[in-house]
Amino acid sequence: MMIIGPCRKRFAVLIRKEFQKIFRPTRQFRCTARPSAPRNSSRLSMAVVSIFRCGSINRCGVLAGADQFGKADQGIFSFWIHSYLRRKPLKYIGFDGNGHQVRDCLHPKDLVPVLVRQMEGAPGPALCNFSGGVENSLSLRQLSDWCALRFGYREIGRDNRTRPFDVPWLVLDASQAQRQWNSQPQTSIQSLLEEIATHAEAKPDWLEISS
């Protein structure tokens with residue numbers, strides 16, 4: 001999530017105080033931090049934008065491309081491709097252990113034109129989704145199939161346990177971005193995956209560097 005606009009310096013000054021109000025270091029919070037943190041983050045950002053009457057919140061799907069951190073909790077497309085190529089352990093967790101969970105991906109360069117306009121002060125909604133959409137989405141199983149064609153087949157482990165905070169399908173609705181900013185993904189998912197794969201072949205130690 002990004003805060004764009006002239007309030008970003010003032011946002012930095014207030015961020016610690018506001019977080020202390022929302023995220024009190026209590027035992028109860030520590031037990032519930034994981035499910036509530038995304039909601040509280042959105043609430044905090046919207047509050048600051050509302051107070052200062054400036055800025056925009058850009059909520060994105062999975063930003064992906066070469067040089068993306070290869071971390072399972074941040075850059076799943078990069079993590080999966082690098083790990084697949086390097087024969088690192090991989091497994092499908094939950095959803096019958098078949099890799100059914102789906103995410104969209106968006107190349108950062110497709111977001112840059114909007115960011116430039118926002119920093120120049122162009123008016124827009126306080127909160128807007130940007131994503132690759134259904135056309136630029138894959139399940140983990142489909143991603144593995146792509147990797148098998150690109151690098152050769154390998155086995156993927158399975159773990160049938162259900163984790164309470166896993167989301168089976170997460171593809172953001174970016175129709176408002178299309179209407180307001182005339183923003184649509186220009187980089188196809190095939191081009192994006194190939195870019196990551198080429199980077200993975202050129203940077204054999206990327207997982208260690210970026211984790």
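Of all residues in region 133-144, one or more are assigned by TED's automatic domain parsing to the domain that holds R103 and in a loop (DSSP other than H, G, I, E, B).
Would you confirm, using the coordinates I've provided, whether I81 is touching a Leu at 6+ places or on another chain (Cβ under 9 Å), at pLDDT 65 or above, part of a strand (DSSP E or B) and within 25 Å of V134 (Cα to Cα)? No, not satisfied. Mind telling me which of the residues A197, A174 ends up being of a type in the set (A, V, I, L, M), assigned by TED's automatic domain parsing to the domain that holds D67, in contact (Cβ under 8 Å) with a residue 12 or more places away in the chain and under 20 Å from F69 (Cβ atoms)? Only one candidate qualifies: A197. Tallying residues that are within 23 Å of G133 (Cβ to Cβ) and either in a helix (DSSP H, G or I) or over 18 Å from the mean Cα position of the chain (by Cα) (or both) within region 185-211 yields 9. Looking only at residues of region 96-136 that are among the small types (G, A, S) and within 15 Å of the chain's Cα centre (by Cα), we find that the one that is nearest to C60 (Cα to Cα) is S131.
The values are calculated or read from the model by the stated rules, or taken from the named source; none is laboratory data. No experiment lies behind these values; they were computed from the predicted model shown. Methodologically, a virtual Cβ is constructed for each residue, glycine included, from the backbone with ideal geometry; neighbour enumeration extends over all protein chains shown.
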